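K.L.:
The structure under discussion is supplied below as structure tokens; questions concerning it will follow.
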Amino acid sequence: MKYTFGKAKQLLARSCHSKAEDIGEKINIAVRALCDTNPFEHEFLRQVVRMTSATPVFSLPQGATGLVRVCVNGRPTTLHGPDFQFLSSGPGDLDMVPGGYERFGGDVADLGTSPVWMQPSGFGWLAATYKGSALQPPITVHATGMDGDRVTFKLMPKAESAPLEYDKAHPVRTIDSVVLDPSTDNYISLYMTEVLPARSECLVARYHPGFHVPEFRRYRLPCLPHPGPYEILAEIQFEPPDLIDDEDVIPFPSLEPIKSMILYEYSNQNLEGTAAEAYLKQAQEWLARANQRNRLQQGPVTLNVPYEGSVGQLCDALDNL
């Protein structure tokens, strides 16, 4: 069962020797500590998501470190790292199919990171909004302007309930980077609309306040057999950012390991070494059991070794054994 940050604060404040105003920070410390223990072995730090991309380039949300495996339009694909963009024969090799062959699943190429989900297709104006009731400081935008020169300007976020106010003094062609003020404490959304002709607003990014120079990992789908939209089924590795909003989701399916880590920190501060070791052991054992349960849910892998043409067939060298 998954819990929201607001519900977790409500439940844990009563059992973790914490005041209501302090429990949020303690939960984040506990979540960070749990995620730092062999993160690549934690099944719950990998999420399977289904999404649709209108273009061959798509971005992952903040907190995502990269793709683990992916299917495009129902077919498995091959993941390629950034090195494939620097092939001596040119990155277009991924867009070509050798003569006599037919593309089966396609490829997914890592494009590195970008400060926005999508770059403007033309010159555009920008606007920013913030979530919550407290005023947020301006964000700094580094961009390429209409004349090709690099421009830097401040963009003041407005409340989500207010109409969007575009900064018409700074039309941009590409967004190079965005910097959040260190005092930002809530989510910031960045919108764009094209200068000519003016079109409806488009959300190009939503920034977590914990990332002062936010970036999104981007991927490209080269040489697909038909135009978009593309159906993408992906397993994504996450490194969860701090929980900010009461609607943020705790990355663990139980509050027990978080409770154990909070009590571990409390016992350490009170020099209760034996109790601290017991709470730490409880958290580690829960992680081990949860990982084991997730692996068992996958089911056994069966290879069809006698069947000629199967992916799992025996090689010809073993036919006489």
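K.L.:
Classify the stretch 141-189 from the C-alpha gyration tensor, please: rounded if a/c falls under 1.5, else prolate or oblate depending on whether a/b exceeds b/c. Write out the running numbers ahead of the final one.
P.N.:
Working: a/c = 2.94, a/b = 1.52, b/c = 1.93.
Judged from the Cα gyration tensor, the stretch 141-189 comes out oblate (a/c at least 1.5, b/c at or above a/b).
K.L.:
Classify the stretch 231-294 from the C-alpha gyration tensor, please: rounded if a/c falls under 1.5, else prolate or oblate depending on whether a/b exceeds b/c.
P.N.:
The shape class here is oblate.
K.L.:
Another question, then. How would you classify the stretch 124-214 from its alpha-carbon gyration tensor, with a ≥ b ≥ c the square roots of the eigenvalues: rounded for a/c under 1.5, else prolate if a/b is greater than b/c, otherwise oblate?
P.N.:
oblate
K.L.:
Let me spell out the model: positive unit charges on the Cβ of Lys and Arg, negative unit charges on the Cβ of Asp and Glu, origin at the Cα centre of the stretch 124-214. What dipole size does that give, in debye rounded to 20?
P.N.:
Magnitude of the dipole: close to 80 debye.
Each value in this text was obtained by applying a stated rule to the coordinates, not by laboratory testing. Everything numeric here is computed off the predicted structure, so don't read it as measured data. Using ideal geometry, Cβ is built from the backbone for each residue, glycine included, and neighbour counts are taken over all protein chains shown.
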